[in-house]
Amino acid sequence: MTYVADEIASQPACWRRAMGLAPDGLPPTGERVAVIGCGTSLYIAQAYAALREAAGLGETDAFAASEFPAGRRYDRLLAISRSGTTTEVLDTLRRAVLDGTPTVAITGDPATPISSAAATVVDLGFADEKSVVQTRFATTALVLLRAQLGLLPADLPEQAERALLTPLPRGAAEAVQFTFLGTGWTVGLAHEAALKVREASGSWTESYPAMEYRHGPISVTGPDSVLWFFGAPPAGLLDQVRATGAVASVAPFDPLADLIRAQRLAVELATVRGLDPDRPRGLTRSIILAAS
């Protein structure tokens, strides 16, 4: 079994552990917060930001670390970084500290430069990973953040266990094009699912807010496509997707639990295509820029 398959299977246990944590430094209600990350961590940041703001708990913006707007003031900067070494994240944290902004970082490895770059560090080392492709660290970070917001189903680990056993959509492994759709906070999950399938299997993947899908992207959908909804589809959209002949996936789980099924799809597609999902082409565990 690959590292990533083992790490996918370990998520229910990681989530249970995260649900019992109450770390210092996470944003309290009312603060104006920026959240940064790169790759998978960016999409987790987007999901958290949308959840927090929609719940009325404080204005929350998510940015790719390289695109953080210099000079814009926030009450707190939250960084998500599995490795603790990503150049853009470290640079942004250090600038924020110089500007006097309180900073907190969630990481899988606190024995890295991120511990000196951020004022407060949340250690999720129990969810760290060997695989290049992120799965359990990212989802565990979002479980922690959702629990802190009071927006986490108590049975989420049990839902995750069911998601590990539920068959993938029939015909998905034979498809050549994959589109993932979400609404609100699940748009970030849609982007993350597309990234997972793209990284592990080299597949043609896309992701959009669900209502934007009608505005052009539906034109690429056909019998060799999979349409994956995170959460309930907007009225009428599922019928339109089925009319294209595509495989449609709508699961009865919390969208974060359903992300596990998309992770499983990524590994299955890689295996079918003779690829090693632990060693995706052109990727490394952390992006460190020598000229930083």
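The values are calculated or read from the model by the stated rules, or taken from the named source; none is laboratory data. Here the structure is a predicted model, which is why all the values come from computation and not from measurement. So basically every Cβ, Gly included, is an ideal-geometry build from the backbone, and we count neighbours across all protein chains shown. The protein model used for the area step is the full one, side chains on, heavy atoms only, and it has no ligands, DNA or RNA in it. Shrake-Rupley method; radii C 1.70, N 1.55, O 1.52, S 1.80 Å.
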Which of the strands (runs of 3 or more DSSP E) contained wholly in the stretch 95-184 include at least 1 residues that are farther than 30 Å from Val247 by Cβ and among the charged types (D, E, K, R)? 120-123
Single residue of the stretch 235-272 satisfying the filter (free of Cβ contacts under 8 Å to residues at least 40 places away in the same chain and either within 21 Å of Leu142 (Cα to Cα) or not hydrophobic (A, V, I, L, M, F, W, C) (or both)) that is most open to solvent (accessible area, probe 1.4 Å): Arg242
Pairs, first without any contact (Cβ under 8 Å) to a residue 24 or more places away in the chain in the stretch 205-226, second outside any strand (DSSP E or B) and loosely packed, with under 13 Cβ neighbours inside 10 Å, C-beta under 6 Å, six or more apart: Pro223/Gly245
Apart from one, (1) more than 25 Å from Val143 (Cβ to Cβ); (2) open to solvent by 40 Å² or more (accessible area, probe 1.4 Å) all hold for Thr101; the odd one out is (2)
(1) open to solvent by less than 30 Å² (accessible area, probe 1.4 Å); (2) of a type in the set (Gly, Ala, Ser); (3) under 29 Å from Glu161 (Cα atoms); (4) in a loop (DSSP other than H, G, I, E, B) all hold for Ala5 apart from (4)
So which of Arg73, Arg16 ends up being in a helix (DSSP H, G or I), surrounded by fewer than 19 Cβ atoms within 10 Å (Cβ to Cβ), out of contact with any strand residue (DSSP E or B) (no Cβ under 9 Å at 6 or more places or on another chain) and not acidic (Asp, Glu)? Arg16
Report, by residue number, each residue of the stretch 19-45 that is surrounded by 24 or more Cβ atoms within 10 Å (Cβ to Cβ) and of a type outside the set (A, V, I, L, M). Pro27, Gly37, Ser41, Tyr43
Flag for Leu144 being closer than 18 Å to Arg52 by Cα, modelled with pLDDT of 95 or more and either buried (at least 24 other Cβ atoms within 10 Å of the Cβ) or over 17 Å from the mean Cα position of the chain (by Cα) (or both): yes
Residue list for the stretch 78-87, filter: over 16 Å from Asp61 (Cβ atoms) and buried (at least 23 other Cβ atoms within 10 Å of the Cβ): Ser81, Arg82, Ser83, Gly84, Thr86
